[in-house]
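Working notes for the structure below.
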Amino acid sequence: MSRIRSTGSEPELKVRHVLSEAGFRYRLHAKDLPGKPDIVFRRLRLAVFVHGCFWHGHICREAKRPRSNLKYWSPKILGNMARDLRTSHRLRAAGWSCFVIRECSIETGLSRLLRKLASLR
Ligand SMILES: [Zn+2]
């Protein structure tokens, strides 16, 4: 029904595509977990987040900040970073592993994730 609206960001779609092609099954946007992880492997207790560099305060070329409205964006990004930290603490406290793939290094992140999944399977 609401498939189109809930498809996620472009980097997330790419990650999901590679995981599906590799034969992995997963849940999306698990509302019952801290931070509503983008991709969830329940049996393995592994939560995966695909982070856009700008929104999550990554310092890299990908995260080109808008020149205007810095006063508006900076607190928002700092808030996101603080929330990411709280989310990963809460997930770990609940016995979950937390895995972050960044927009600027999807390929590297994906191969690390695939290796981790293979080791858990
Ligand atoms: Zn980045």
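Look through Gly57, Gly35 and report the one residue that is under 21 Å from Gly8 (Cα atoms), within 15 Å of the ligand (Cβ to nearest atom) and assigned to a loop (DSSP other than H, G, I, E, B).
Selected residue: Gly57, the only one of Gly57, Gly35 that is under 21 Å from Gly8 (Cα atoms), within 15 Å of the ligand (Cβ to nearest atom) and assigned to a loop (DSSP other than H, G, I, E, B).
Since Val100 meets every condition but one in (1) open to solvent by 20 Å² or more (accessible area, probe 1.4 Å); (2) away from the ligand (no atom under 16 Å from the Cβ), which condition does it not meet?
Single failed check for Val100: (2).
Please go through region 38-54 and pick out each residue that is closer than 12 Å to Leu110 by Cβ and either in a loop (DSSP other than H, G, I, E, B) or at pLDDT below 95 (or both).
none
The values are calculated or read from the model by the stated rules, or taken from the named source; none is laboratory data. Note that this is a predicted model, so its numbers are computed, not measured. Counting neighbours? That spans all protein chains shown, and the Cβs are built from the backbone with ideal geometry, glycine included. Side chains included, ligands, DNA and RNA excluded: accessible areas come from the protein's heavy atoms. Shrake-Rupley method; radii C 1.70, N 1.55, O 1.52, S 1.80 Å.
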